[in-house]
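S.K.: Just dropping this structure here.
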Amino acid sequence: MIPFNIPAVTGKEEQYLRQAIQHRKLSGDGPFTKKCHEWFEEHTGCSKALLTTSCTHALEMSALLADIREGDEVIMPSYTFVSTANAFVLRGARIVFVDIRPDTMNIDESLIEAAITDKTRAIVPVHYAGVACEMDTILSLAETYGLWVIEDAAQGVMSTYKGRTLGAIGHLGCYSFHETKNYTCGEGGALLINDERLIERAEIIREKGTNRSKFFRGQVDKYTWVDLGSSYLPSELNAAYLYAQLEEAAEIHRRRMHKWNMYYERLQPLAEQGVLDLPVIPDGCEHNAHMFYIKVKDLDERTRLIAFLKEHGVMSVFHYVPLHSSQAGQRFGRFHGEDRFTTRESERLLRLPLFDTLSEEQIAYITDVIYKFCGRL
Ligand SMILES: *Cc1c(COP(=O)(O)O)cnc(C)c1O
């Protein structure tokens with residue numbers, strides 16, 4: 001059986017975990033957390049990085065930092081993970097879903113302006129599969145209407161848009177280190193702060209609404225409750241594990257790109273014959289091989305292909321029942337305009353196994369099974 005995902009292991013994880021244990025400092029913001037923060041600040045160009053317990057929590061922190069309140073509206077695609085929406089719904093916002101572009105599965109930037117009302121507070125672009133949204137358009141709309149831009153870059157670590165790192169482009173950016181992402185510590189995330197004015201409050205929100213971070217730096221002589229907050233900082237054990245992955249990020253990236261390119265080359269003839277569609281990477285975007293997906297004709301064909309791959313020992317998955325058609329999505333949001341692509345494209349998308357130790361032989365085998373399914377081998 002070829003699994004869908006196997007998390008990367010670089011070999012340094014155990015050593016760093018042992019070091020963290022020896023430090024006798026397991027709670028958050030110890031030496032490994034600092035190393036991770038520095039790594040992100042160096043590699044992304046953000047003003048400040050803060051590790052969080054998940055991307056979900058980085059999104060929740062963003063909603064708090066943006067002061068999202070009852071009745072505010074937040075614009076995002078419907079084709080995304082639930083946390084993108086939940087983080088804002090928790091603050092009382094209504095979600096306004098906008099259709100996606102069929103080429104990248106990202107929010108269609110040309111439809112955003114029509115969805116803006118006097119209640120709109122934020123735009124949340126989701127960089128699907130680590131391929132950037134059209135950020136120039138989104139930033140300029142945000143500027144015109146005075147809106148926050150909060151990037152859900154859960155899948156976008158190490159990807160760029162016109163040379164800028166995803167997550168470091170909007171006011172705030174959110175990363176995930178869940179086991180299914182390129183770099184992982186099991187469960188984890190980071191908030192990238194790109195506007196220096198937000199740093200102090202972010203530290204407070206992350207430390208249960210206290211000024212403990214300032215206290216530890218010796219800037220105040222006692223710490224106290226100063227704002228809203230929760231416990232959003234991860235243990236040193238998670239940070240130690242993550243740091244072992246970040247040190248090898250370039251190598252993991254290189255290996256994933258190699259697999260992605262191999263899939264692409266082998267399946268290109270099928271795309272040229274119009275049998276299936278392959279991912280599109282727009283000019284100016286460098287992706288991170290987070291995911292390799294194909295799009296077949298429709299839901300029925302996808303169901304049959306999943307079963308066929310399984311019969312041949314290959315695990316493939318699909319995801320994202322569009323949020324606007326879910327029970328909670330209908331309660332907490334509305335779809336602005338016509339759903340031309342969100343439902344249709346989501347029903348024909350299929351994700352193939354992609355992880356750093358997937359072999360060339362396995363990719364050749366998987367693509368042969370797809371050719372066989374298509375009856376062209
Ligand atoms: C994985 C993912 C999340 C959630 O990440 P967690 O770290 O598991 O909370 C949010 N948004 C998107 C687009 C994701 O892919």
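S.K.: How much length would be gained if the chain were fully extended between GLU311 and PHE341, taking 0.36 nm per residue of separation minus their Cα-Cα distance, in nm to one decimal? Could the numbers behind the result be given before it?
M.R.: On the way: separation 30, 0.36 × 30 = 10.80 nm, distance 3.02 nm.
The span from GLU311 to PHE341 would gain 7.8 nm if fully extended.
S.K.: Pop out the ³J(HN,Hα) list for the stretch 144-154 in order, Karplus 6.51 cos²θ - 1.76 cosθ + 1.60 with θ = phi - 60°, rounded to Hz; leave Gly and Pro as x.
M.R.: 4, 9, x, 10, 7, 10, 10, 7, 8, 9, 3
S.K.: List the trypsin sites (Lys or Arg not before Pro) in the stretch 210-280 that DSSP assigns to loop (not H, G, I, E or B) and whose Cβ has at most 10 other Cβ atoms within 10 Å. Which are they?
M.R.: Of the trypsin sites (Lys or Arg not before Pro), the ones in loops of the stretch 210-280 whose Cβ has at most 10 other Cβ atoms within 10 Å are ARG217, LYS222.
S.K.: Where the accessible area of the chain is counted over protein heavy atoms with a 1.4 Å probe, how much of it, in %, is carbon and sulfur? Don't jump to the answer; show the numbers that get you there.
M.R.: Numbers: 8130 of 16290 Å².
Within the chain, the accessible surface is 50 percent carbon and sulfur.
S.K.: For an R0 of 30 angstrom, estimate the FRET efficiency from the Cβ-Cβ distance between LYS119 and SER230 and round to the nearest 0.05. Intermediate results must be reported in sequence, preceding the final value.
M.R.: On the way: r = 26 Å, r/R0 = 0.85.
Result of the calculation: an efficiency of 0.70.
S.K.: Counting only GluC sites (Glu not before Pro) that sit in a DSSP loop (anything but H, G, I, E, B) with at most 12 other Cβ atoms within 10 Å, what is the longest stretch of the chain containing none of them? Before the final figure, lay out the partial values.
M.R.: Working: sites that count: GLU70, GLU338.
Counting at most 12 other Cβ atoms within 10 Å as exposed, the longest clean stretch of the chain is 71-337.
S.K.: I'd like the trypsin sites (Lys or Arg not before Pro) in the stretch 7-66 restricted to DSSP loop residues with at most 12 other Cβ atoms within 10 Å, sorted by number.
M.R.: Passing both the DSSP loop test and the Cβ count: ARG24.
S.K.: If you fit an axis through the alpha-carbon atoms of helix 236-247 and take the longest principal axis of the Cα set of the chain, what angle between them do you get, 0 to 90°, nearest 10?
M.R.: The answer is roughly 50 degrees.
S.K.: What angle, in degrees between 0 and 90 and rounded to the nearest 10, separates the Cα long axis of helix 360-373 from the longest principal axis of the Cα atoms of the chain?
M.R.: Helix 360-373 and the main axis of the chain meet at about 50 degrees.
S.K.: Taking the Cα centre of the stretch 249-376 as origin and charging only Cβ (+1 Lys, Arg; -1 Asp, Glu), how large is the dipole, in debye to the nearest 20?
M.R.: With only Lys, Arg, Asp and Glu charged at Cβ, the dipole is about 340 debye.
S.K.: Ordering VAL96, VAL9 by how much accessible area each has at a 1.4 Å probe, largest first, what is the list?
M.R.: Highest to lowest solvent-accessible surface, that is VAL9, VAL96.
S.K.: Still on this model: Express the accessible area of the chain per residue in Å², computed with a 1.4 Å probe while the remaining protein chains stay in the model.
M.R.: On a per-residue basis, the chain sits at 43 Å².
S.K.: Strictly greater than 16 Å: what percent of every Cα pair in the stretch 84-186 meets that?
M.R.: Pairs farther apart than 16 Å: 57 percent.
S.K.: Then there is this: Assigning unit charges at the beta carbon (Lys, Arg +1; Asp, Glu -1) and nothing else, what dipole magnitude in debye, to the nearest 20, does the chain show about its Cα centre?
M.R.: 880 debye
S.K.: What is the magnitude of the charge dipole of the stretch 167-242 about its Cα centre, with +1 placed on the Cβ of each Lys and Arg, -1 on the Cβ of each Asp and Glu, and no other charges, expressed in debye to the nearest 20?
M.R.: Details: 9 positive and 10 negative charges, 33 e Å.
The calculation lands at about 160 debye.
S.K.: Assuming a ≥ b ≥ c are the square roots of the Cα gyration tensor eigenvalues, decide whether the stretch 164-230 counts as rounded (a/c under 1.5), prolate (otherwise, with a/b larger than b/c) or oblate. Show your work: numbers first, answer last.
M.R.: Details: a/c = 2.72, a/b = 1.70, b/c = 1.60.
Verdict is prolate for the stretch 164-230.
S.K.: Explain nothing, just the number: relative contact order of the chain, from Cα pairs under 8 Å at least 6 residues apart, as a whole percent.
M.R.: Relative CO of the chain lands at 24 percent.
S.K.: Contour minus end-to-end for GLN19 and THR303, with contour as 0.36 nm per residue of separation and end-to-end as the Cα-Cα distance?
M.R.: Additional length available on full extension: 97.5 nm.
S.K.: Among the lysines, select those whose C-alpha is under 26 Å from the C-alpha of LYS34, and discard any that sit fewer than 8 residues away in the same chain.
M.R.: Straight-line reach from LYS34, under 26 Å: LYS12, LYS25, LYS48, LYS181, LYS208, LYS214, LYS222.
S.K.: While we're on this one: Put +1 on the Cβ of every Lys and Arg and -1 on every Asp and Glu Cβ in the stretch 326-377; which of ALA328, PHE373, LEU349 then has its Cα farthest towards the positive end of the dipole?
M.R.: ALA328
S.K.: For a quick check of understanding: with a 1.4 angstrom probe and all protein chains in place, what accessible area in square angstrom does HIS23 have, to the nearest ten?
M.R.: Solvent-accessible area, nearest 10 Å²: 80 Å².
S.K.: Kindly state, as a whole number, the per residue volume in cubic angstrom of the convex hull around the alpha carbon atoms of the chain. Don't skip to the answer; put the middle values down first.
M.R.: Working: hull volume 50.6 nm³, N = 377.
Looking at the chain, the number lands at 134 Å³ per residue.
S.K.: Starting from the Cα of HIS43, move 7 Å in the Cα-to-Cβ direction to define the label point; list residues of the stretch 324-360 whose amide nitrogen is under 16 Å from there.
M.R.: Of the residues in the stretch 324-360, 356 have backbone N under 16 Å from the label point off HIS43.
S.K.: Towards the positive end of the charge dipole of the chain, with charges on Cβ (+1 Lys, Arg; -1 Asp, Glu), say which of PHE318, ALA289, LEU166 has the farthest Cα.
M.R.: Ranked along the dipole, the leading option is PHE318.
S.K.: Using a 1.4 angstrom probe and counting only protein chains, how large is the accessible area of THR180 in Å², to 10?
M.R.: Rounded to the nearest 10, that gives 50 Å².
The values are calculated or read from the model by the stated rules, or taken from the named source; none is laboratory data. The structure displayed is predicted, hence computed values, not measured ones. Glycine also receives a Cβ, built like all others from the backbone with ideal geometry; neighbour counts cover every protein chain displayed. We work out accessible area using only protein heavy atoms, side chains counted, and drop any ligands, DNA or RNA first. Shrake-Rupley method; radii C 1.70, N 1.55, O 1.52, S 1.80 Å.
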